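The values are calculated or read from the model by the stated rules, or taken from the named source; none is laboratory data. On a predicted model such as this, the values are computed, not experimentally measured, just so you know. Methodologically, a virtual Cβ is constructed for each residue, glycine included, from the backbone with ideal geometry; neighbour enumeration extends over all protein chains shown.
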Amino acid sequence: MHVHMGTVDFTSLEALVLILVLSALLLYPVAAFISGRKHKKWPKFRYLFWFLGIIVAAATLTGPLAHMAHESFTGHMIGHLLLGMLAPLLLVFSKPVTLLMRTISVPAARNLSRLLKSRYVQFITNPLVAAILNIGGLYILYMTGLFTLMHSALWLYALVHIHVFLAGYLFTISIVYIDLTSRRHSFLYRAVILVLALGFHKILSKLIYASPPEDVIRQDGETGAMVMYYGGDIVDLALIIILCYQWYRRTAPREGKVMREDVQG
Amino acid sequence: MADRHASNGPGASTNTWSGVFFGVGLMALIDEIIFHQLLQWHHFYDHSTTQVGIFSDGLLNAFALFAIVAGLFMFADLRRRYTLRLRRFISSVLIGAGSFQLADGVVNHKLLRVHQVRYGVDDIWPYDLGWTVTGVILLVCGIILFARSNRREGE
């Protein structure tokens, strides 16, 4: 694999990532400070989720972990779990859209709200569509020659990683409603999609185990596939718990309701 | 959840589903922790695994992971509504666990050849028999206890 890697210079990508990360780390507290003057104070723990999420995502594209990902398939897979699954989950809890909405001016917020309610946004945040963009993208990456091709051009490498992150984020917000959500789908529908997405994630990791992408050494491919399988389990377990907890909170009986039901029953 | 007003009183079917879900998830967890990780009898993948086997195993285990969490949240829901029926719940756990074991043993292991119960042994059939019989015992016990809990609650 590193035979192909030698031809690509990642310095420019790493520099770009660094600039983006520093702005993201700076802009969030600034927005919280500005909006804190006219609204309630922005909770401290949300800063923590933002910083963690950004750092986890950045670690996969720059620094030692990124270098490891260029060298080994297992390293690549650890990076993908962090970029496509863990970072989105952390970032959702920092409620970036809610923060943006209360920071910008009222007319701008109206436009943003219109955008969130637009057909396009409603379409891509439909759990089924988001799951297909997310898991389907992974099938294309690992089951076609794209994985090998990706390491031959920097722009393609960057594009694939942007897709992995955005599709992962989209899937996360389509399953658990933490941040602003314009169209809500039923718990049952989201649960079914989550189970299917997790199932196809498991299936893909076994298919990778059976036949890893070209140029990947067998042992490395097998370890990477198992990292994908069990690492995916851990993050998806967190998603399942959050989804079920939200169901539990939502269906809480109101005072006296239990009594009435007993009478009817 | 939907039919809290079913003939058997409030929460009757939630008790059943909560138990079945938890049972399925519990058996999958036992399978994963004891047979895959600790004993390492099962293999992640062996080269006779069929494509359909990979599909059914992936979906079944994804469902099981969801089921153990959902089952426990439904259990918590029953408790806060004071509609928990422990006998019905426990018998449903056995039914769920037995069904998973049976499906895993017959469909996944044998028909779809996901992996064997154990590798490197002369005779595989005692292991297969043990696997399937365990499933049947759990399932039958569950069904008997379930019928009893129905009668008891009917009185």
Residues A:206, A:202: which one is facing chain B (nearest Cβ under 10 Å) and under 25 Å from residue A:247 (Cβ atoms)?
A:202
Cβ contacts < 6 Å: first residue among the small types (Gly, Ala, Ser), restricted to segment A:226-246; second residue assigned to a helix (DSSP H, G or I), any location; separation 6+ or different chain. Result?
A:231/A:81; A:232/A:201
Of the candidates B:46, B:104, the one satisfying the condition of being touching a His at 6+ places or on another chain (Cβ under 6 Å) and either within 11 Å of another protein chain (Cβ to nearest Cβ) or modelled with pLDDT of 80 or more (or both) is B:46
Residues B:99, B:91: which one is surrounded by fewer than 23 Cβ atoms within 10 Å (Cβ to Cβ), more than 9 Å from chain A (Cβ to nearest Cβ), of a type in the set (Ser, Thr, Tyr) and more than 27 Å from residue A:249 (Cβ to Cβ)?
B:99
Criterion: farther than 26 Å from residue B:55 by Cβ, more than 10 Å from chain B (Cβ to nearest Cβ) and in contact with a Phe, Trp or Tyr (Cβ under 9 Å, 6 or more places away or on another chain) - qualifying residue of A:173, A:162, A:217:
A:217
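Condition check ((1) within 23 Å of residue A:116 (Cα to Cα); (2) not in a helix (DSSP H, G or I)) across all residues:
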position	(1), (2)
A:164	yes, no
A:172	yes, no
A:183	yes, yes
A:197	no, no
A:220	no, no
A:231	no, no
A:248	no, no
A:254	no, yes
Is it the case that residue A:250 is more than 21 Å from residue A:124 (Cα to Cα), of a type in the set (Lys, Arg), more than 10 Å from chain B (Cβ to nearest Cβ) and in contact (Cβ under 8 Å) with a residue 40 or more places away in the chain?
yes
Selection within segment B:75-88 - surrounded by fewer than 23 Cβ atoms within 10 Å (Cβ to Cβ) and either under 27 Å from residue A:189 (Cβ atoms) or in contact (Cβ under 8 Å) with a residue 60 or more places away in the chain (or both)
B:75, B:76, B:77, B:78, B:79, B:80, B:81, B:83, B:84, B:85, B:87
If you take the residues in segment B:29-48 that are not hydrophobic (A, V, I, L, M, F, W, C) and not in a helix (DSSP H, G or I), which one is nearest to residue B:124 (Cα to Cα)?
B:42
Criterion first (within 29 Å of residue A:73 (Cα to Cα), among the small types (Gly, Ala, Ser), out of contact with any Cys (no Cβ under 6 Å at 6 or more places or on another chain) and away from chain B (no Cβ under 14 Å)) does residue A:225 satisfy it?
no
Kindly indicate whether any position in segment A:66-84 is free of Cβ contacts under 8 Å to residues at least 12 places away in the same chain and more than 20 Å from the chain's Cα centre (by Cα).
yes
